Ligand code: PLP
């Protein structure tokens, strides 16, 4: 009996050490970290340059409260990050995690509206399904019923539009009419809610765990930007998972050349070395808020020098080692390898993703897109079988969290072709094991 508890009663082996893409437990078993933790450890584990930067900062100071001191680490990290953002996004507010970043983005948007005489705007439209964090504000814009359901009475309901899941709706993702079709739903929602009441649209450029790496159809992101502009709605890009190179560009939104008003980031920014995140905004939003008395928001640990020095070192590694380019190249190869698995495994119904944010979805039938029976718990079984085989992958359910199993394959951006061979081998072992124990059921492919 442990004093610790998290989601459930399950216990895992004890971690001993981690290097690069590998982790060892205290029994000496080696695992390939095919999910970078929770899509966090983008530059691999125990990178010597980051450890050294942390050590150097720790010897000087680990904490300086931002109301008492400026720190060189925070200043330099903010300047570096702003330099990697789309033009105009030059004001950085540090936080310690993704939910904090999302809350900060929504609250800055709200204070901007209040400061500029648009106090009627407060609704943040987001997509279903989506995941934006577990705090009550971020949860209100999340759509994933196992996580939101119990807390519904405690949250302010926020409007949702369908995520652009062309493959489920029988539409072609490469047809700009498809992108327009889903973007139109956003415009209709803004009109139905009353444009003067809508503050922002919050979107993951490539879907994360809730959709299993959903890539938007052609034209969608560009149309979303136009619609937001037309109605004075701010566009907040949730780059918590996609940011810091995961999709093959520093930000996911760069794939479509769309410039958001606010970007929120975390995971890959601290890269597993420290809890870290940022909300980056256009000065046009920040200045009126500061003029009106200031941003009424902040977390105690935000912008501490240890986190910022670490974040700066992580950004250096991403840039100096060309990790965005490696994520793009290795991502293409991984997608091709996963797509090839569809020849062997009839239950893989869809493969999708960008860069090293990739996923495959299991289906009972590819034509009807029917999910596997949820009680089979396929996603968890496959994750467990892969784990036994020494491969860590991540899974969730695509259909509002209750059905439609998908597996995310998101190794560190440092992976090589040899690592990809190992990942595919581990997945084959897990899929073979699952199929061997899968009940025989009418209409379910094997
Ligand atoms: N936004 C997205 C897209 C995420 O994937 C996550 C976490 O998975 C969050 C926000 C919340 O981040 P955190 O768990 O660090 O609070």
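Answer yes if at least one residue in region 201-222 is within 16 Å of the ligand (Cβ to nearest atom), assigned to a strand (DSSP E or B), in contact with a helix residue (DSSP H, G or I) (Cβ under 8 Å, 6 or more places away or on another chain) and farther than 26 Å from residue 397 by Cα, and no otherwise.
Keep residues of region 201-222 that are within 16 Å of the ligand (Cβ to nearest atom), which gives 201-216, 221.
With assigned to a strand (DSSP E or B) added as a condition, the list becomes 201-203.
Retained after the next criterion (residues that are in contact with a helix residue (DSSP H, G or I) (Cβ under 8 Å, 6 or more places away or on another chain)): 201-203.
Right, trim to farther than 26 Å from residue 397 by Cα and you get none.
Checked region 201-222: no residue is within 16 Å of the ligand (Cβ to nearest atom), assigned to a strand (DSSP E or B), in contact with a helix residue (DSSP H, G or I) (Cβ under 8 Å, 6 or more places away or on another chain) and farther than 26 Å from residue 397 by Cα.
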Requested in this report: Determine, yes or no, whether residue 280 is within 19 Å of residue 241 (Cβ to Cβ), surrounded by fewer than 22 Cβ atoms within 10 Å (Cβ to Cβ) and within 16 Å of the ligand (Cβ to nearest atom).
Outcome: no
Query raised in the report: Any residue in region 401-420 that is surrounded by fewer than 17 Cβ atoms within 10 Å (Cβ to Cβ), within 30 Å of residue 314 (Cα to Cα) and touching a residue at least 40 places away in the same chain (Cβ under 8 Å)?
Result: yes
Report summary line: Only unsatisfied item for residue 35, checking (1) under 17 Å from the mean Cα position of the chain (by Cα); (2) farther than 28 Å from residue 263 by Cβ, is (2)
Query raised in the report: Does region 66-84 hold any residues that are under 15 Å from residue 286 (Cβ atoms) and either within 16 Å of the ligand (Cβ to nearest atom) or crowded, with 22+ Cβ neighbours inside 10 Å (or both), and which are they?
Result: 81
Query raised in the report: Pairs, please: C-beta under 7 Å, at least 6 apart or cross-chain, first residue surrounded by fewer than 22 Cβ atoms within 10 Å (Cβ to Cβ) and in region 216-238, second outside any helix (DSSP H, G or I)?
Result: 218/173; 218/174; 218/175; 222/258; 225/235; 225/258; 231/198
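Condition check ((1) in a strand (DSSP E or B); (2) touching a strand residue (DSSP E or B) at 6+ places or on another chain (Cβ under 8 Å); (3) without any contact (Cβ under 8 Å) to a residue 60 or more places away in the chain) across all residues:
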| site | (1), (2), (3) |
| --- | --- |
| 240 | no, yes, no |
| 243 | no, yes, yes |
| 247 | no, yes, no |
| 250 | no, no, no |
| 255 | no, yes, no |
| 259 | no, yes, no |
| 263 | yes, yes, no |
| 274 | no, no, no |
| 279 | yes, yes, no |
**Report entry** Among the residues listed as 338, 372, 334, the single one being touching a strand residue (DSSP E or B) at 6+ places or on another chain (Cβ under 8 Å), farther than 22 Å from residue 263 by Cα and assigned to a loop (DSSP other than H, G, I, E, B)
**Finding:** 372
Query raised in the report: part of a loop (DSSP other than H, G, I, E, B) and assigned by TED's automatic domain parsing to the domain that holds residue 83, is that true of residue 303?
Result: yes
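Working carefully through the options 37, 64, 83, find the one that is in the same structural domain as residue 270 (by TED's automatic domain parsing) and closer than 19 Å to residue 323 by Cα.
On the way: 37 fails: in the same structural domain as residue 270 (by TED's automatic domain parsing); 64 fails: closer than 19 Å to residue 323 by Cα.
The match here is 83.
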Query raised in the report: If you check every pair at least six apart or on different chains, which have Cβ atoms under 6 Å apart with a residue in region 22-44 that is more than 15 Å from residue 330 (Cα to Cα) first and a residue that is away from the ligand (no atom under 16 Å from the Cβ) and in a helix (DSSP H, G or I) second?
Result: 32/422
Requested in this report: Need at least 1 residues that are surrounded by fewer than 21 Cβ atoms within 10 Å (Cβ to Cβ) and more than 14 Å from the ligand (Cβ to nearest atom) per element, so show me which helices (runs of 4 or more DSSP H) inside region 119-193 make the cut, counting only ones lying wholly within it.
Outcome: 145-148, 166-169, 176-193
Query raised in the report: Can you name every residue in region 53-71 that is touching a residue at least 24 places away in the same chain (Cβ under 8 Å) and assigned to a helix (DSSP H, G or I)?
Result: 53, 54, 56, 57, 58, 60
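This table checks each residue for (1) within 12 Å of the ligand (Cβ to nearest atom); (2) within 14 Å of the chain's Cα centre (by Cα); (3) surrounded by fewer than 22 Cβ atoms within 10 Å (Cβ to Cβ); (4) farther than 25 Å from residue 310 by Cα.
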position: 248; (1), (2), (3), (4): no, yes, no, no
position: 261; (1), (2), (3), (4): no, no, no, yes
position: 265; (1), (2), (3), (4): yes, yes, no, no
position: 284; (1), (2), (3), (4): no, no, yes, yes
position: 296; (1), (2), (3), (4): no, no, yes, yes
Report task. Output the residues belonging to region 90-108 that are in contact with a helix residue (DSSP H, G or I) (Cβ under 7 Å, 6 or more places away or on another chain) and either surrounded by fewer than 17 Cβ atoms within 10 Å (Cβ to Cβ) or within 13 Å of residue 286 (Cβ to Cβ) (or both). Result -> 90, 91, 92, 93, 108
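The values are calculated or read from the model by the stated rules, or taken from the named source; none is laboratory data. Since this is a predicted model, take the numbers as computed values, not measurements. Ideal geometry is used to build each Cβ from the backbone, glycine not excepted, and the neighbour counts take in all protein chains shown.
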